[in-house]
Each structure stands twice: as C-alpha cells, then as structure tokens.
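In what follows, a structure is listed as structure tokens, so that the remarks can point back to it.
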Amino acid sequence: MQPAAFKPVSDPEVQAITTGDGALTVQLSGAWDIRALESRARALQLSLQEAVRAGGARWDLSRVDRLDHIGALLVWRAWGKRRPRDLALKSEHRTFFESIELPAAGVPGVGAFDPLLPLVALGARTIAVARHALGILRLFGQLLLDAVSLFRQPVLRPWREFSAGIYSIGTQALGITAMVGFLIGVVLSYLSAEQLRQVGADSLIINILGIGIIRELGPVTCAILVAGRSGSAITAQLGVMRVTEELDALSVMGISRTLRLVLPKVAALGVALPLLVLWTSGVALIGGALSAHLELDMSVQQFLSGLPGAVPAVNLWLGVGKGVVFGALIGLIACHFGLRIQPNTASLAEGTTRSVVSSITAVIVADAVFAVLFSDVGWELR
C-alpha cells in the first residue's frame with residue numbers, strides 16, 4: 001500500500017464570482033499565512049480593496065487552507081474593520097477574527113457616556129488611596145514592634161545596613177542638594193530685592209530669605225530631591241529583590257524583611273534628611289547673601305550677622321522637625337510600594353513611579369499640615 005501523496009497548498013487567491021441571483025461573492029482560497037503573503041501582500045491587498053469597491057456582499061473563506069493572524073488582519077482591514085453579514089468561514093479560522101474583534105469591542109463608543117462614571121472612578125481611587133494608607137500604617141506598626149525587639153536583643157541591630165543607608169542617602173546627596181539650594185537662594189534673593197528696592201525696605205531681605213528658606217523652602221526642596229533620588233532607589237531595590245526571589249528566600253530562612261530591609265532604610269532617612277535640610281538651608285542662605293550683596297549692596301557679613309535677630313531659632317527647629325517627618329514618610333512609602341511589586345518588570349516600573357509621586361504628594365500634604373499647626377509659631381522678632 002502506497003502512502004497518500006502530499007497535497008501541496010495553493011497560493012492565496014481572490015476571486016469575484018457572480019451567482020445566479022446577481023449577487024457578487026468574493027471567494028478566497030489557498031494559504032493566507034505569513035509565509036505565503038510575504039511577497040504577495042500588496043497585490044492581495046489591492047485585490048481585496050477592488051472586491052470591496054465592487055460591492056461584494058458575500059464572502060466565502062471556506063476554501064482557505066491555512067490562515068494566521070497576519071492573513072486575518074489583512075482581510076479584516078479590507079473589510080473596514082467590520083465583519084460582513086454574509087460570511088462563510090471554517091470553524092478553526094473563526095478564532096483569528098474573534099481575537100481581532102475583541103479589543104475593538106472593548107472600547108466604549110463616544111456616545112455611550114455614563115454620568116456616574118466619574119463618581120465611580122473617584123470612589124475607586126479613594127478606596128485605593130485608603131488601602132495604601134492602611135498598608136503604610138500597618139508597616140509603621142510592624143517597624144515599632146521591630147524597634148522594641150531590638151532593645152531586647154541588641155545583637156540583631158542592623159548597624160551595617162543603617163550606616164550604608166546614611167552614606168547613600170545623605171553623603172552622596174550633598175552635591176545635588178547644595179547646587180539646588182544655592183540656586184534657590186539666588187533666585188529668591190534676586191526676586192525679593194527687586195520688590196524691596198522699590199519701597200526702600202532693603203533690610204527686610206534678611207527676614208524673607210531667613211524665614212522662607214529655613215522654615216519652608218529648605219525642608220520641602222530637600223525632601224523632594226531625596227524622594228526622587230533615594231525613594232525611587234529604595235523601591236527599585238526592593239522590587240528587584242522581589243523579582244529575583246530574594247525576599248522569598250529571606251522568608252524561608254526565617255529572617256524578618258522589615259527588620260533587615262525596611263527599618264534600616266526608614267531610620268537612615270529619618271536621620272539623614274534633617275542633616276540635609278540644615279545643609280541645603282545653609283547653602284541657600286549663602287546664595288541669597290551673595291545675591292543680596294550684588295543687588296542691594298549689602299555685605300555678606302551684614303546679612304549673616306542680622307540673620308539671628310531676624311529669624312527666631314524656633315524656625316530652625318521646625319525645619320529640622322520637618323526633615324525627620326518627611327524622611328520617615330518617604331522611607332515608609334518607598335518600602336511599602338517596593339514590597340508590593342510583583343515579580344515582573346512592568347510592575348517594577350509602575351511601582352517605582354507610584355512611589356515617587358506618592359512620596360512627593362505626602363511631603364507637600366505634610367508641609368501644609370505643619371503650616372496650619374504652627375501658624376502662630378516662629379514669627380516673634382527680637
């Protein structure tokens with residue numbers, strides 16, 4: 001008995017056939033896959049367009065031997081991205097067109113607007129924010145328990161991780177914070193000098209720069225820089241550890257993730273950020289003093305000597321306190337989003353972006369709370 005001969009697959013063809021009732025039927029045959037369409041795609045596309053313009057209402061694809069997504073997409077575009085009503089199609093080829101139709105069917109029409117949709121979206125966003133806030137609060141409570149356990153077992157204190165965090169968060173950020181602080185001091189001094197010169201109140205430049213930088217601009221600017229630089233790095237580090245299954249390995253070995261990873265980072269931010277606030281504010285005041293010397297002919301010595309009398313010392317402590325709170329918030333938010341990252345690169349990028357945006361937003365909200373709570377503090381002049 002001889003084996004059956006292999007039947008070769010014919011080339012793709014488009015034929016327009018007029019039936020007895022006068023209707024035009026477009027018949028497709030042969031192989032409609034990427035291999036067969038490689039050199040004939042343009043010619044077949046023109047043939048399909050001519051068949052559509054000729055008024056082909058019936059389409060017969062039952063003679064198609066092979067079909068893939070490329071061939072189905074070519075025919076789909078010729079149809080105007082809409083399946084004809086009278087269509088003959090093999091059952092095994094139907095899935096290709098259904099997969100193409102599915103994304104288009106999922107897009108709502110322009111006229112199908114639900115007036116409750118914005119309210120539903122707002123509610124969903126509010127619930128998501130509340131869940132993140134609850135997760136951050138839960139993480140903070142776990143850190144408090146870990147801190148208590150460290151007092152009972154000093155041998156477990158992660159000094160090496162803490163010192164590494166101080167170096168990466170504080171020491172390596174001295175350059176960028178100094179540059180930004182100096183430029184802010186120069187810009188603020190220049191803009192204020194132009195206005196004060198018009199009213200003859202040149203000496204008030206010390207009050208404006210001192211209170212504005214020490215109380216507000218220094219802490220907020222430094223916190224935003226640290227959130228974008230160190231906060232994103234912390235989230236990305238924890239996310240990579242999730243992707244490489246290092247976090248799972250710590251759990252298997254019985255090592256607390258919050259004790260070895262989260263607590264040192266949050267503590268390092270709480271210590272390094274206040275010091276960076278003092279550094280940034282000092283450099284900004286130097287930049288403001290130099291700009292005041294050039295614009296108002298006020299010597300740097302006069303500016304620095306008048307600063308203690310123009311700015312009460314409580315503003316300095318208020319700025320340092322903001323640094324502690326901002327550092328703790330940035331650390332908690334960065335670690336929270338880092339631990340929630342899924343083991344894939346898309347989640348890593350999305351989690352890092354959300355971490356930075358949430359940290360900056362939390363810093364601005366916390367600064368507004370400070371402004372309301374301490375609105376009557378730090379304005380007494382000697």
When the chain is modelled as a GNM with alpha-carbon springs shorter than 10 Å, which of MET253, MET241, MET298 fluctuates the most? MET253
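Compute the FRET efficiency between VAL314 and LEU204 as 1/(1 + (r/R0)^6), taking r as their Cβ-Cβ distance and R0 = 22 Å, and round to the nearest 0.05.
For VAL314 and LEU204, the calculated efficiency is 0.65.
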The correct pair for the stretch 264-345, radius of gyration to one decimal and Dmax as a whole number, both in Å and from Cα atoms, is 18.5, 60
What's the extension gain from LEU134 to ILE176 if we count 0.36 nm per residue and subtract their Cα-Cα distance? 11.8 nm
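FRET efficiency for ARG58 and ARG35, Cβ-Cβ distance as r, R0 = 35 Å, nearest 0.05? If you can, show how the numbers build up before the last one.
Working: r = 28 Å, r/R0 = 0.80.
Calculated value: 0.80.
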Give me the distance in nm between label points sitting 7 Å out from Cα along the Cα-to-Cβ direction at SER299 and ARG197, one decimal. 2.1 nm
How do GLU216, GLU245 rank when sorted from fewest to most other Cβ atoms within 10 Å of their own Cβ? GLU245, GLU216
Point-to-point label distance, LEU73-ALA147, nm (Cα→Cβ direction, 7 Å offset): 5.6 nm
Farthest positive-ward along the chain dipole, Cα basis, beta-carbon charges - from SER91, PRO118, GLY80: SER91
Linear extension gain, GLN15 paired with LEU117, 0.36 nm per residue minus alpha-carbon span: 31.9 nm
Along the charge dipole of the chain, Cβ charges K/R +1 and D/E -1, which of LEU263, CYS222, ALA368 sits furthest on the positive end? LEU263
Here, the chain modelled as identical Cα point scatterers in vacuum has Debye log10 I(q)/I(0) at q = 0.08, 0.09 Å⁻¹ of -0.68, -0.74
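Under 1.5 on a/c is rounded, so check that first for the stretch 194-272, then, if it is not, pick prolate when a/b is larger than b/c and oblate when it is not; a ≥ b ≥ c are the square roots of the alpha carbon gyration tensor eigenvalues. Numbers along the way, then the final one.
Details: a/c = 10.17, a/b = 3.81, b/c = 2.67.
Prolate, since a/c reaches 1.5 and a/b exceeds b/c.
Coordinate-derived values only; no laboratory data. Please read all numbers here as calculations on a predicted model, not as lab measurements. Glycine also receives a Cβ, built like all others from the backbone with ideal geometry; neighbour counts cover every protein chain displayed.
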